[in-house]
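**Q** The structure that follows is given in the form of C-alpha cells.
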C-alpha cells in the first residue's frame, strides 16, 4: 500500500502530506480527521524528521507512525517489545487492508523465511520486530539491502520508556537501538511512549540518539477514568465489593507478588468471579493461553504482577485495581491507563496501607542498583506516597507530575468526597516523639500501642509503658493513627528503615515540627459509604456522549456483537480487531442503509466496508 517512490519524493505537483494523510486516514482506517497533534506528527515524519511522541494510552500513537510508513516509499520497521502486541497490531492492520507482518520467536523457520522474502520483495508496508531480533546480524543485513534500494520508510520504536534504567519496564536491548541512527542516519525515527516524566524523556532522547528530534507531548489526561484510593482494611472483601459494581466487565487486578496473584485469583474464582493468574513464574504456554483468553473473551478478570499489561490493546477494560502500591506514579499511570482505551467511563481503584511503604523501601535497599538509581527510586516512591495521602484532586497531582497543569476534575474520590483537613501538628509531635523515645527501632503498630496506652506484652518487654508518650494519643483510634503515620511518611518527616524491618526513623525535616516552628495540616480519614456513588457529571457526560452508551440496551447492538464474536472466533482474533465497541455503537445509533452511509461511520474504512458491509447492512435492516 506504500506510495511509489516517484509520488513520495517531494514533487511540487503532490498535495501537501497532511492532505494525503487525511485521505489515507479516511480511506484505510475510516476516521474523518486526526486528533490532537496526530496530523503534525505525521507531517513531520513524512517530511523525514525524527520525533519523540508522548501520548496517553488510547490516544492514537500507532497512527502516528503507521500512516507515515504508508505515505513514504518502502517499509516501516516497528520495534515492539511483546509478541502479543505485535500479533494484535498485525491482525488489526490486515483487517484494514495494510500489508503487515511480524518477525519473532513464535514463527517456525518456514514462516520466518517467507516473511523475510516478503520483506525483501517489497510486499510489506509494515514489519514488526522485537529489539533482540532487530539487532542481529541477519536482520541488519536485511535492512542494509532495503536501504540500498531506498526501501526503508522509517523506524518506529514503540514503548520507548523501556530504554530508561530509571523506568518500570527497563529492557536492556532497547539501549542498543541507537545503532539505527548510526547505521541508517537518513531514515527518520520516531520513539513513542504513553508514560514518561521529564527524567525519563531526557534519557530516551540521550540513549536513542534523539537529541535533535522534535518532541510532541500530548495531554496526559484520561478524563474517562475515575481514580479512587481506599485505606487497606480487609483487602479481599474491599476488592469483592468494588468488583460487585463491575459484574460482567473485563478488568485487571495488580498484585506485588506471584504468590499473592495465585491466591487472589483462586479466591476470586471461589467467589464466582472468573479470574486468571498471570506472572513470570507461570509456564510460558500458560501465560500465553491466559493472555489470549483475556483478549478474546468478555468479562474476564486478569490477576497479575506488572509482568502483564504493556502493549495490551484491549479497548474495553473497564477497571484496573491495585491491591498493592505501585512503585512510582509513572507505573501507576501506565497501569491504570490500561482501563478505558475506548473512551468509555472506567475506574482505577487502589487499596493501600503502611506495609506497602516498608516493602517498597526494602526492595529498593536490597537491590543491586547503583546508589544514584536507588536515590531516584526513593524519590519516585515518595511522589507515589504523596499522591495517595494528598487532599488535592488526584488528576491535578497526576498531571502535574508529568508537567501538565489542570483544574480539579470532579471525577476522583477527593473531588467527589472532599476529605476533612485538620491541624495535625500536635498529633504529629506525639507520633514523632514516640518514635524518638523508643529508639527509632519500631514500626507503626508498636508506636500506636504506645501512643494509645495499650499495655501489650511487647510494650512491657521494652518498658515503654513508663515513657512520657505512653497513652498521650488515647483520643485517636488505631485507624486514625495509621493515617497520621502514613501522612508523616508521605511528607518525608519519617522514613521506614528497610534494614530494620520497617522501623520508623525521623528525618531532618521533622525537627521544625517537633520544635513547634512549623504547623502541619493533615487529612482526616473518613468512613466511605459502602454503596458506589453515581457517576459524576464528568463521567456521566462522557457516557452520555458515547454511541456505545446510547445504544447499550439496543437489540441491534446485541446482534452486532453476536455477529462480531462469530467473526472473531472464525478468524482467531480478538473481537475488537474486527470492529471496536464504539464503531458498533455508531452503527446501532446511525442505522446506515447503504455502503456510502456505512463508510461514514467512524472506524469503517474501504477494506472493512467491502469485507463486512453486506453482513452489517443486513443486520441493521433486519432490526431497523
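The values are calculated or read from the model by the stated rules, or taken from the named source; none is laboratory data. Remember, it's a predicted structure, so these values are computed and weren't measured experimentally. Reconstructed Cβ throughout: ideal geometry from the backbone, glycine too, with neighbour counts over all protein chains shown.
**Q** If you scan segment 399-431, which residues turn out to be within 30 Å of residue 468 (Cβ to Cβ), surrounded by 19 or more Cβ atoms within 10 Å (Cβ to Cβ) and in contact with a strand residue (DSSP E or B) (Cβ under 6 Å, 6 or more places away or on another chain)?
**A** Once the filter is applied, which keeps residues that are within 30 Å of residue 468 (Cβ to Cβ), surrounded by 19 or more Cβ atoms within 10 Å (Cβ to Cβ) and in contact with a strand residue (DSSP E or B) (Cβ under 6 Å, 6 or more places away or on another chain), segment 399-431 yields only 424.
Conditions (1) within 20 Å of the chain's Cα centre (by Cα); (2) surrounded by fewer than 18 Cβ atoms within 10 Å (Cβ to Cβ), marked per residue:
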position	(1), (2)
174	yes, no
185	no, yes
188	no, no
198	yes, yes
207	no, no
211	no, yes
257	yes, yes
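**Q** Could you run through segment 43-88 and say how many residues are surrounded by fewer than 21 Cβ atoms within 10 Å (Cβ to Cβ), closer than 17 Å to residue 205 by Cβ and within 24 Å of the chain's Cα centre (by Cα)?
**A** Residues flagged as surrounded by fewer than 21 Cβ atoms within 10 Å (Cβ to Cβ), closer than 17 Å to residue 205 by Cβ and within 24 Å of the chain's Cα centre (by Cα) within segment 43-88 amount to 0.
**Q** With free of Cβ contacts under 8 Å to residues at least 12 places away in the same chain and over 26 Å from residue 570 (Cα atoms) as the only criterion, which of 81, 172 stands out?
**A** Numbers: 81 fails: free of Cβ contacts under 8 Å to residues at least 12 places away in the same chain.
Answer to the selection: 172.
**Q** Still on this structure: Among the residues of segment 98-119, which ones are surrounded by 15 or more Cβ atoms within 10 Å (Cβ to Cβ) and touching a residue at least 24 places away in the same chain (Cβ under 8 Å)?
**A** 98, 99, 100, 101, 102, 103, 104, 116, 119
**Q** If you check 324, 313, which single one turns out to be under 15 Å from the mean Cα position of the chain (by Cα), in the same structural domain as residue 242 (by TED's automatic domain parsing) and crowded, with 20+ Cβ neighbours inside 10 Å?
**A** Details: 324 fails: under 15 Å from the mean Cα position of the chain (by Cα).
Result of the check over 324, 313: 313.
**Q** For segment 125-215, which helices (runs of 4 or more DSSP H) that fit wholly inside it have 3 or more residues that are closer than 21 Å to residue 402 by Cβ, in contact with a helix residue (DSSP H, G or I) (Cβ under 7 Å, 6 or more places away or on another chain) and assigned by TED's automatic domain parsing to the domain that holds residue 44? Walk me through how you get there before you give the answer.
**A** Values: elements: 131-134, 137-148, 179-183, 198-207.
So the answer is 198-207.
**Q** If I ask for residues that are without any contact (Cβ under 8 Å) to a residue 12 or more places away in the chain and either in the same structural domain as residue 583 (by TED's automatic domain parsing) or surrounded by fewer than 15 Cβ atoms within 10 Å (Cβ to Cβ) (or both), which ones from segment 265-291 would you list?
**A** Across segment 265-291, the qualifying residues are 266, 270, 272, 283, 284, 285, 286, 289.
Table: residues versus (1) out of contact with any strand residue (DSSP E or B) (no Cβ under 8 Å at 6 or more places or on another chain); (2) assigned to a helix (DSSP H, G or I); (3) within 25 Å of residue 345 (Cα to Cα); (4) at pLDDT 90 or above.
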site	(1), (2), (3), (4)
510	no, yes, no, yes
529	yes, no, yes, no
540	yes, yes, yes, no
543	yes, yes, yes, no
548	yes, yes, yes, no
558	yes, yes, yes, yes
561	yes, yes, yes, yes
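**Q** If I ask for residues that are at pLDDT below 85 and surrounded by 18 or more Cβ atoms within 10 Å (Cβ to Cβ), which ones from segment 148-170 would you list?
**A** Taking segment 148-170 as the starting set, the residues that turn out to be at pLDDT below 85 are 164-170.
Passing the criteria: 164, 166, 167, 168, 169.
**Q** Quick one: residue 235 ticks every box in (1) more than 30 Å from residue 55 (Cβ to Cβ); (2) surrounded by fewer than 16 Cβ atoms within 10 Å (Cβ to Cβ) bar one, so which box is it?
**A** The failed condition is (2).
**Q** Is there a residue in segment 569-586 that is over 29 Å from the mean Cα position of the chain (by Cα), buried (at least 17 other Cβ atoms within 10 Å of the Cβ) and either at pLDDT 95 or above or not assigned by TED's automatic domain parsing to the domain that holds residue 98 (or both)?
**A** In the first step, residues of segment 569-586 are kept if they are over 29 Å from the mean Cα position of the chain (by Cα); the result is 570.
Those left that are additionally buried (at least 17 other Cβ atoms within 10 Å of the Cβ): none.
Taking every residue of segment 569-586 in turn, none turns out to be over 29 Å from the mean Cα position of the chain (by Cα), buried (at least 17 other Cβ atoms within 10 Å of the Cβ) and either at pLDDT 95 or above or not assigned by TED's automatic domain parsing to the domain that holds residue 98 (or both).
**Q** While we're on this one: Return yes when residue 259 is outside any loop (DSSP other than H, G, I, E, B), free of Cβ contacts under 8 Å to residues at least 12 places away in the same chain and within 25 Å of residue 357 (Cβ to Cβ) and no when it is not.
**A** Against the criterion (outside any loop (DSSP other than H, G, I, E, B), free of Cβ contacts under 8 Å to residues at least 12 places away in the same chain and within 25 Å of residue 357 (Cβ to Cβ)), residue 259 qualifies.
**Q** Is it true that some residue in segment 90-97 is out of contact with any helix residue (DSSP H, G or I) (no Cβ under 9 Å at 6 or more places or on another chain) and touching a residue at least 24 places away in the same chain (Cβ under 8 Å)?
**A** yes
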